Structure formats: C-alpha cells, structure tokens
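Any read-out appearing in this document is the output of simple, stated calculations on the displayed coordinates, not a laboratory observation. It should be emphasised that the depicted structure is a prediction, and the values quoted were computed from it without experimental measurement. Note that each Cβ is placed from the backbone with ideal geometry, even for glycine, and that neighbours are counted across all protein chains shown.
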Amino acid sequence: MNRNRKKDNFRFAVGIIVSTFFFGVCFGLSYLLTDFIYQYTGAPVKIWTYIITGVVGLYIFWAFAQIIITTHRRKHQHNDHRELLGEALDAMKRITQGDFSVVMKVEKYDPFSELAETINKMAHELGTMENLRQDFIANVSHEIQSPLTSISGFAELLRNGSVTAEEKAHYIDIIAAESKRLSKLSDNLLKLSSLDANATPLSCSKFRLDKQIQSSLLLLESLWSEKNLDISLEAEDISMFGDEHLLAQVWINLLHNSIKFTPRGGMVTISVLREDSMIVCRIADSGIGISEEDKLHIFERFYKVDKARDRDLGGNGLGLALVKKIVELHNGTIEVESSIGNGTTFTIKFPKEKESD
C-alpha cells in the first residue's frame, strides 16, 4: 500500500513539473509573439504589455491543451470503437451458431449504440422465433403421434382372430376416426402454411354472405339435429367481396365448435347484420363457456381449452387459428366473449368497403 502511495505521489509530482514547464513554454511563446507584433505596432504601456502577454499565453496554453485532449480522446474512442466492433462481430458469430442469448452493452451517447440495440433486438426476436419453432414441432409431433399410436394399436388387435365382430367394427371405427383426424390436421397445417407465406392469393368475388352462412348450417345439420339444438338465424340480405371458399371455412369452424361444446337441448344463435360502417356476424351458444385465462390463448395454434375433452371430440387446436388468419386477410377482426357455464359468443366484423351491394 505504501508502495502504491509513493507511485501516486511521484506521478503527481511529475505532472506538476510537466504542467509548469508546459505553462512556461506557452507564456514564452506568448512573449515572443507579442514582442514581434509590437515591432510593427509599437509597445503599449508596460502594465498592458504584461496583461496582453498573459492573456495570449493563456490562449496558447488552452489551444495546446485542447489539441492534446482531443488527440487523446480520439485515440481512446478509436480503441473503444474497435472493441465494440469486435464485440459486435463476436455477437453475430454466436447468433449464426444458434446462440440467441446475446446481450450487448448499450452506451447512451455512443455513436454505435444503435448497432448494439439492433443486434440485441435481432437476437431476442430470433430467440423467440426459435422457441416458437420448437414448440410448433413438438405440438405437431404430439398431434401426429397420438392418432398413429391408436391406429397402430387397434390394427394389431384386428390381427388377432379372436376378436368378436362387434369389437372388430368398433376398432375399425376408431381407426377411421383417427385417420380422418390426421387428414384434418394435415389439411389445416397446409392451409395455415400457405396463408402465412401468401403463397395462395385471395380469389375474391362478390357473393351473398347470408346465403353462405345458411349453407354452412345445412352442412352441419346432422350434428345439431342429433343433439336437438335450437338453432336461430337472423340474417339481412348482405353481399360482400372476398374469398368465398376461405370464408366458408370460417363459418364451418365456428359453427362446428358451437355445436360441439353445447350440451343437448341447448341453443345456437347466428346473426348477420349491418352496424354503422361494418358487417357484423355473431355466433352465440349456450355451451360450457371459456375461462378468462383461456380466452387469451384460444387463437394460438395447437392451444386447447380442454385438452382431454377436445381430443375425444377430434380437435387439433388449429381451427380457431385458421379462422383468425382468414378473417384478418379480409381486413376483419374477431373477438370472443365468454365465461364458464354461460356460453360463448364470437363476433366477426368486416369493413363496409368489402360489401358490394
């Protein structure tokens, strides 16, 4: 500790000596400069000679000090910039190797702060995308594995000649249902992938929206008739301009969900109306309802409100994600109102400019 104190005292003494010497040199230059000028202008009163010489000396000292400070600062900034660029290159290398935990230090007034912020943002977004990709693969694998296991298991049971005719018919029905579920999963995945990539442009035409919803109800008549549901439809004569094939999937998905989760003897109410500058479609049911927490996630891919129940009913968690995507492609919005035990209402709104009466 004493050794360090001696070093500090020595550096301080050297600094004082150098500063004094430098100060003296500056005032010496000031004296030579003013004396040279006085040869042409004449020397003023002696007191003013001292004052002018002192002021000029201070200016010379200040100018040299600024040069030294600027040079020193530029040198350090150059080193800092080289260090930051090195860190940036290292961060980019880690990102290309799949390490998205990169976080660069951002200095508020550093000219390269924007670069550091951009790299941090890129790493965060790529990390989020990678997590989504892994979740997506895990969900797809899970959804495929489950029906494949059932198909494989019941196929093995059918090989056993001792099964009864009734058991055989039951096993075949399960295999057919699971195969249909796999086909629906594959179809929805392909549709979502195509819509996400804009690979298939919308094939828009003018059509009667009220007639389309009526047709969707007729397609599902066997389901709601079997459960003895009370179906109510209030529809104005409304035409709109959109992709008729894609929008048909919206109504079939939403109506199918309402029928599926509404108990026997329940009610499903559909309305298609004009409200202000919007075309508003509502599908309400008296079903089991959705919790507040689940409502935040129901449009996410592979999300299931009741996983066990939904699996028994053949769902794969892609229907509402597909619905939301199609509605948004038509510049529309979809909202859900629901609570446990009080049914669910989906409200779809399209801007009036999509209408062409």
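List of remarks:
- Contact order relative to length of region 140-189, as percent, for alpha carbon pairs under 8 angstrom and 6 or more apart: 47
- Likely footprinting exposure, ASP99, ASP237, fewest C-beta neighbours within 10 Å first: ASP237, ASP99
- Sorted by Cβ neighbour density within 10 Å, fewest at the top, the residues THR262, THR345: THR345, THR262
- Fewest-first ranking of VAL102, VAL268, using other Cβ atoms within 10 Å as the exposure measure: VAL102, VAL268
- Summary value for region 249-300: 33 percent relative contact order, contacts being C-alpha pairs under 8 angstrom separated by 6+ residues.
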